[in-house]
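One structure below.
The values are calculated or read from the model by the stated rules, or taken from the named source; none is laboratory data. Everything quoted here is computed from the prediction, not taken from an experiment. Neighbour counts run over all protein chains shown; Cβ positions are idealised from the backbone, glycine included. In case anyone asks, the SASA skips ligands and DNA or RNA and just uses the protein heavy atoms, side chains included. Shrake-Rupley method; radii C 1.70, N 1.55, O 1.52, S 1.80 Å.
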Amino acid sequence: MISKWILASNNPGKVKEFNRFFRNYLEFETIESKGIQSPQEPHKTFVENAIEKARNTARISGSPTIADDSGLIVDFLSGLPGVRSARFATSSKSIKVDQDKQNMDLLLELMTAVREESQRTCRFVCVIVALRCVDDPDPIISHGVWEGRINFEPKGTEGFGYDPIFYDPKIKKTAAQISLEEKSKWSHRAKALRKIKKVLIR
Ligand code: IMP
């Protein structure tokens, strides 16, 4: 039997990705369909934000819930943009116009002095948390990482967010120069999804 979970996100792309990934096993409903407001992300770490999003949604819905939190970590910037990745340049979630471009412009500006590629190390991180119920004392936590470098300029047209400036030295392309299918071989989210699938579906 396919069990129903809630995904603590209002991002339709994310809901589609989760439903495709768990097809025939789990089915995800959006928080919007349950009349639950978009979750806050007030903490300093991805794992704390993901737990808070999942717990809030489980409390209101009474259903098993999954939440994720992800972002880009740049070593030269001591971990920034980190949990502020989505709103790095604008500091407000409501200003959506060209937000990705503004975030990338700011990041490239902050990295101007760093001319050596070896000094431009960064990684995408994704943490996924599954709560079987609101007071689940043993959440399932999954972590995925994708190592790369901040490119000197944006390249490619695929993807979203920081993809055009995230360069993977192994495949010698930015994340915006590869298809969604290829991205799912390497990406932080795909790795975290594959790990949590092994635990959720036995
Ligand atoms: P959230 O996990 O939906 O809160 O996403 C946080 C932010 O991290 C996004 O808005 C993007 O700016 C960035 N991000 C997370 N994953 C990716 C990715 O796969 N490519 C590009 N940017 C990403």
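The set of residues in segment 15-35 being in contact with a helix residue (DSSP H, G or I) (Cβ under 6 Å, 6 or more places away or on another chain) and either without any contact (Cβ under 8 Å) to a residue 24 or more places away in the chain or of a type in the set (D, E, K, R) (or both) consists of Lys34 alone. The residue pairs whose first member lies in segment 88-106 and is within 19 Å of Ser70 (Cβ to Cβ), whose second member is surrounded by fewer than 12 Cβ atoms within 10 Å (Cβ to Cβ) and modelled with pLDDT of 70 or more, and whose beta carbons are closer than 8 Å, counting only pairs six or more residues apart or on different chains, are Asp100/Phe160.
Listed here are the residues, each with its yes/no results for (1) touching a Pro at 6+ places or on another chain (Cβ under 9 Å); (2) β-branched (Val, Ile, Thr).
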| residue | (1), (2) |
| --- | --- |
| Leu108 | yes, no |
| Thr112 | no, yes |
| Arg115 | no, no |
| Thr121 | no, yes |
| Val125 | no, yes |
| Gly144 | no, no |
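Scanning segment 107-136 for residues that are part of a strand (DSSP E or B) and either charged (D, E, K, R) or more than 30 Å from Lys198 (Cβ to Cβ) (or both) turns up just one, Arg123. Within segment 80-91, the set of residues being farther than 19 Å from Ile51 by Cβ and open to solvent by less than 30 Å² (accessible area, probe 1.4 Å) comprises Pro81, Phe88, Thr90. Filtering segment 142-161 to residues that are within 18 Å of the chain's Cα centre (by Cα) and either surrounded by fewer than 18 Cβ atoms within 10 Å (Cβ to Cβ) or of a type in the set (Phe, Trp, Tyr) (or both) leaves His143, Val145, Trp146, Glu147, Glu158, Phe160.
Considering (1) crowded, with 17+ Cβ neighbours inside 10 Å; (2) polar (S, T, N, Q); (3) within 16 Å of the chain's Cα centre (by Cα); (4) more than 11 Å from the ligand (Cβ to nearest atom), the lone condition that Thr65 does not fulfil carries the number (3). Total residues in segment 175-184 satisfying the condition of being more than 10 Å from the ligand (Cβ to nearest atom) and open to solvent by less than 20 Å² (accessible area, probe 1.4 Å): the figure is 1. For the residues Ala50, Ala58, Ala54, Ala89, the requirement of being within 9 Å of the ligand (Cβ to nearest atom) and outside any strand (DSSP E or B) singles out Ala50. Scan segment 36-45 for residues that are open to solvent by less than 70 Å² (accessible area, probe 1.4 Å) and either at pLDDT 85 or above or in contact with a Pro (Cβ under 8 Å, 6 or more places away or on another chain) (or both) and the total you get is 3. Taking segment 40-57 as the range and being closer than 26 Å to Ser78 by Cβ and in contact (Cβ under 8 Å) with a residue 12 or more places away in the chain as the test, the residues that pass are Gln40, Glu41, His43, Lys44, Thr45, Phe46, Val47, Asn49, Ala50, Ile51, Glu52, Lys53.
Right, Asn10: within 13 Å of the ligand (Cβ to nearest atom), within 18 Å of the chain's Cα centre (by Cα) and farther than 18 Å from Val125 by Cα or not? For Asn10, the condition - within 13 Å of the ligand (Cβ to nearest atom), within 18 Å of the chain's Cα centre (by Cα) and farther than 18 Å from Val125 by Cα - is met. Between Pro169, Pro164, the distinction of being out of contact with any Phe, Trp or Tyr (no Cβ under 9 Å at 6 or more places or on another chain), at pLDDT 95 or above and either away from the ligand (no atom under 13 Å from the Cβ) or open to solvent by 40 Å² or more (accessible area, probe 1.4 Å) (or both) belongs to Pro169 only.
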